[in-house]
Amino acid sequence: MPQPPTTNDGSRPRIDCPLCASSRLRYAFSQEGYRIVRCGDCGLMFSNPQPSDPELAAIYSADYFLGAATAEGRAATREMKRATARQYLAEIGRYNGAVTGRLLEVGCGDGDFLVEAEAAGFHVTGVEYAPAACEQARARIERGTIVCGELETAGLAASQFDLCVLSDVIEHVRDPLAFLREIHRLLKPGGAIFIATPSLASWSARLLRENWMEFKPEHLTYFDPKTLETALFRTGFHQVLARPGWKVLTFDYVAKHFERFPVPVFTPLLRFLGGLLPASVQKKERRVVASGMTVLARKTAVVERRKLSVVLPAFNEARTFVPLVEAVLAKEIHGLDVEVVVVESNSTDGTRELALKYRDHPRVRLVLEDRPQGKGHAVRAGLAQASGDFILIQDADLEYDLEDYDALLEPLLAGRAAFTLGARHGGSAWKMRQFTGQPLLSSALNAGHWFFTTLVNVLFLQRLKDPFTMFKVFRRDCLFGLRFECNRFDFDYELLIKLLRKGYQPLELPVNYRSRSFKEGKKVSLIGDPISWLKVCARLRFTRLDPLAEIERARAAESAPAHATPPSGQRVATFVK
C-alpha cells in the first residue's frame with residue numbers, strides 16, 4: 001500500500017525539480033485535473049502541484065486494489081502477487097548471492113511478499129499505513145513484525161536491515177530523495193534496496209504517451225532508469241542495476257485494469273478479446289513486462305566531497321607525459337577531488353622512468369604493466385584501480401583540451417546525466433584530421449570516422465556525432481555488472497556500446513581537439529583496427545547483455561581456486577565493486 005506523507009500536503013506547486021533542483025520545469029499535460037510537468041534538464045516527470053492529503057485518502061479507499069470485490073478475485077490476485085514476489089526474490093538472490101538476513105518492506109499491504117520472503121529464509125518487518133491490511137499481514141506471517149503507520153514515524157533503529165523492498169511504492173511518495181535517505185539510514189552498511197516502479201522508458205509508456213495507464217493522480221513522481229539511478233546515487237547508493245520489470249499477470253487482471261483506467265483503443269480491444277477468449281485462457285498466469293522496471297542498489301558511505309578518477313594509459317609518450325600529468329594534477333574542479341590513475345605499459349622511450357617519479361604522489365595511483373597489451377587492456381587495468389565517483393578517460397597525448405573537463409562533468413554533478421561524450425564534431429563545425437602534406441590519409445581517416453559513426457548509429461539506434469571520442473566521462477557505477485574483453489582500440493567501441501545497451505544515453509558536448517599525425521605518435525593501425533571495430537560491432541549487436549549473469553560469474557570466479565585463473569591472454573574484466 002502507498003505511504004501517505006505527513007509534511008507538505010502538495011497544494012503548493014514546486015518551482016524547482018526535486019531531483020536536480022533545476023528551475024526549467026515544463027508543463028506536459030493534465031491528468032484528471034492534475035498538472036504533469038517535466039524537468040527540462042534531467043527529464044524527471046511529476047505532479048505539480050500534487051493532490052492534497054484528503055484527496056489522496058479518498059483515492060486509497062478499501063476497493064483501491066483490483067480483485068478485492070470477491071473472494072475468488074482476492075485469491076487470484078494474491079496468487080499473482082506471490083508468484084511475482086518469488087520472481088523478485090530470485091532476482092535479489094542473483095544480485096546479493098544469498099536471500100537471508102533482515103528484510104524490510106515498506107508498503108507491505110496484506111503481506112504477500114513478506115510471506116514468500118519469510119519462506120525463503122528472511123526475518124521480515126513490514127511497514128503499512130492501512131490498519132486492516134496490517135492485521136491481515138500479521139495473521140499471515142509467522143515470526144516477523146508489522147508496523148502500522150508511516151516509515152518516517154515508525155521509530156525503526158538505524159543500520160538494522162540487510163534488504164529493503166519497495167514494490168510499487170516510490171511513485172506515491174511526495175519527496176523521493178528524503179524517503180531514500182531514510183531507507184539508507186535503516187540499512188546496514190552494504191545493505192541492498194530493491195525497487196519496482198513504473199518506468200517512462202517502458203514500451204507501454206513510449207507507445208501510449210499521455211494515455212499511459214500509469215499516469216494517475218496518486219502517482220506523484222514518474223521515473224525512468226536514468227532518473228531513478230540518479231536519485232539513488234544522490235542519496236548514498238551505488239552498484240545500481242536497472243532492468244525491465246517483469247510481473248506475473250493474467251489477461252483477466254489486465255483487462256480489469258484497463259477498464260478502471262481507460263485507454264483509447266486498448267480498453268475496447270481488451271473488452272472485445274475478453275468476449276472471445278475462454279475463461280481458462282483469461283485466468284492463466286503469464287510472466288510479462290509491460291510498464292515497469294526493477295532497480296537494485298547497495299548502500300555505501302555518504303561522502304562530503306565526490307572524487308574524479310582520471311584514467312591515463314601511457315605507452316611511449318615521453319614527449320607529452322609530464323606536461324599532461326602536471327596539468328591534470330593542477331586542474332581544480334569545484335566540488336571534486338581529483339586522482340590520476342596512470343597505467344604505464346613498459347615503454348621503450350623513457351615514459352616508464354618519468355612515471356616512476358610520481359609513484360609516491362598522494363593523488364597518483366601508478367599501475368605498471370610488464371608489457372604493452374593495447375590501450376584497451378591498459379584502460380581496463382586503470383578502471384579496476386579507480387576509486388572515484390566519476391571516471392574520465394584521458395589519453396597521454398595532448399590532442400584534447402583539459403579545460404573541457406568542467407563542461408563534461410557539470411551535467412554529472414548536477415544530476416542531469418550519468419554519461420557524457422566530448423564530441424570533436426559536436427559544435428558548429430567538424431574538427432577534421434588534417435595531417436600536413438598527407439591529404440589522402442586525412443581524407444581516408446575522416447571517411448572512416450563517418451562510416452563507423454553511421455554504422456554504430458544504425459546498429460544501435462542512436463544519433464551520435466562522435467561516439468569514438470577519447471573524452472568519455474561517466475559515473476563509475478555505470479560499469480557495474482559489465483564485462484570487458486577488448487584490448488586494443490576496439491575497447492572504445494566495447495565500452496560505448498555496452499553502456500548504451502545497459503541503458504545509458506550519452507550527452508554529447510562539443511570539445512576542443514587537435515589531431516596529431518602518425519609521425520607525432522598516433523598508434524592506430526589502418527587495417528587491423530578497423531577490422532576489429534567491425535567485429536566488435538557485429539558481436540555486441542547480437543550478443544545478449546545480462547549484468548546479473550556477469551555479477552554471478554564474477555562472484556564464482558572470486559571463490560574459485562587460484563589455479564583456475566585463465567591465461568593472461570584470455571582474461572576479462574567484470575566490474576562488480
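The values are calculated or read from the model by the stated rules, or taken from the named source; none is laboratory data. Everything numeric in this text was worked out from a predicted model, so none of it was measured. Heads up, the Cβs are rebuilt from the backbone with ideal geometry, glycines too, and the neighbour counts pull from every protein chain shown.
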Would you please name the residue that is surrounded by the most Cβ atoms within 10 Å (Cβ to Cβ), looking only at residues in segment 135-158 that are more than 14 Å from residue 109 (Cα to Cα) and among the acidic types (Asp, Glu)? 152
Out of the residues in segment 466-500 meeting the condition of being part of a strand (DSSP E or B) and aliphatic (A, V, I, L, M), tell me which one is nearest to residue 386 (Cα to Cα). 473
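So which of 404, 397, 370 is on the phi < 0 side of the Ramachandran plot, surrounded by fewer than 20 Cβ atoms within 10 Å (Cβ to Cβ) and part of a loop (DSSP other than H, G, I, E, B)? Spell out how you get there, then give the answer.
Details: 404 fails: part of a loop (DSSP other than H, G, I, E, B); 397 fails: surrounded by fewer than 20 Cβ atoms within 10 Å (Cβ to Cβ).
Result: 370 is the single residue among 404, 397, 370 that is on the phi < 0 side of the Ramachandran plot, surrounded by fewer than 20 Cβ atoms within 10 Å (Cβ to Cβ) and part of a loop (DSSP other than H, G, I, E, B).
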Could you tell me whether residue 381 is at pLDDT 95 or above and outside any strand (DSSP E or B)? yes
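Quick check, is residue 66 surrounded by 15 or more Cβ atoms within 10 Å (Cβ to Cβ), among the hydrophobic types (A, V, I, L, M, F, W, C) and at pLDDT below 95?
So residue 66 passes the test.
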When only residues in segment 421-431 that are surrounded by 17 or more Cβ atoms within 10 Å (Cβ to Cβ) and out of contact with any Pro (no Cβ under 6 Å at 6 or more places or on another chain) count, which is modelled with the highest pLDDT? 422
Would you tally the residues in segment 451-462 being assigned to a loop (DSSP other than H, G, I, E, B) and either crowded, with 20+ Cβ neighbours inside 10 Å or touching a helix residue (DSSP H, G or I) at 6+ places or on another chain (Cβ under 6 Å) (or both)? 1
Condition first: surrounded by 14 or more Cβ atoms within 10 Å (Cβ to Cβ), of a type outside the set (A, V, I, L, M, F, W, C) and modelled with pLDDT of 85 or more. Now tell me which residues in segment 540-577 satisfy that. 541, 546, 547, 550, 552, 553, 555
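Kindly state which helices (runs of 4 or more DSSP H) lie completely within segment 167-263 and contain at least 2 residues that are more than 19 Å from residue 18 (Cβ to Cβ) and touching a residue at least 40 places away in the same chain (Cβ under 8 Å). Step through it out loud before you land on a result.
On the way: elements: 176-186, 203-208, 225-234, 251-260.
Here the list reads 203-208, 251-260.
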Count of segment 27-36 residues which are of a type in the set (Ser, Thr, Tyr) and either assigned by TED's automatic domain parsing to the domain that holds residue 219 or surrounded by 13 or more Cβ atoms within 10 Å (Cβ to Cβ) (or both): 1
Taking segment 267-312 as the region of interest, how many residues are within 31 Å of the chain's Cα centre (by Cα) and not in a loop (DSSP other than H, G, I, E, B)? 22
The one condition residue 299 fails out of (1) over 27 Å from residue 478 (Cα atoms); (2) touching a Pro at 6+ places or on another chain (Cβ under 8 Å); (3) not β-branched (Val, Ile, Thr) is (1)
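So that you can scan it fast, the table gives a plain yes or no per residue for (1) of a type in the set (Ser, Thr, Tyr); (2) surrounded by fewer than 21 Cβ atoms within 10 Å (Cβ to Cβ); (3) modelled with pLDDT of 85 or more:
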{"residue": "38", "(1), (2), (3)": "no, yes, yes"}
{"residue": "52", "(1), (2), (3)": "yes, yes, yes"}
{"residue": "81", "(1), (2), (3)": "no, no, yes"}
{"residue": "86", "(1), (2), (3)": "no, yes, yes"}
{"residue": "91", "(1), (2), (3)": "no, yes, yes"}
{"residue": "112", "(1), (2), (3)": "no, no, yes"}
All but one of (1) modelled with pLDDT of 95 or more; (2) among the hydrophobic types (A, V, I, L, M, F, W, C); (3) in the same structural domain as residue 213 (by TED's automatic domain parsing) hold for residue 355; state the number of the condition that does not hold. (3)
